[in-house]
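Note sheet for the following structure.
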Amino acid sequence: MTMHLRNNYFDLVYYITRQIPYGRVTTYGAIADYLALGSARMVGWALSQVNLAEDIPAHRVVNRKGELTGRLHFSSPSKMQELLEEEGIKIEGNQVADFTVIFWHPAYQLDDL
């Protein structure tokens, strides 16, 4: 992957991630499906490069089961959970408790890019 394509792909992932509403979550796969480019793993890779100082709410992206699989990419393993709980999202055993209720899919919420 060239640097140009990588930057464009990362920028698209970051744009979608910024659209996730407060108190909601989405999945790596939902973002990948919406972009129709790459895979859930590529979305995860892009989000693992995010610095918490940036305005990209990467903590709102979980795996397809609602598990906080990205937690190890935060400043501490509990930071992702803390950020979600600050938004009123209940976490049980490193998993979003009401995942299907608060799940947000960009395909149903956003216009095409």
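Of the residues making up segment 22-52, those that are without any contact (Cβ under 8 Å) to a residue 24 or more places away in the chain and among the aliphatic types (A, V, I, L, M) are Ala32, Ala36. Among the conditions (1) crowded, with 16+ Cβ neighbours inside 10 Å; (2) touching a residue at least 60 places away in the same chain (Cβ under 8 Å), the only one that Gly88 does not satisfy is (1).
With the structure loaded, tell me whether Leu68 is among the hydrophobic types (A, V, I, L, M, F, W, C) and either within 14 Å of Tyr9 (Cα to Cα) or over 11 Å from the mean Cα position of the chain (by Cα) (or both) or whether it fails that test. No.
Throughout, read-outs are computed from the coordinates displayed, never taken from laboratory work. Predicted model only: the values in this text are computed from it and were never measured. All Cβ positions, even for glycine, are placed from backbone atoms using ideal geometry, and neighbour counts span all protein chains on display.
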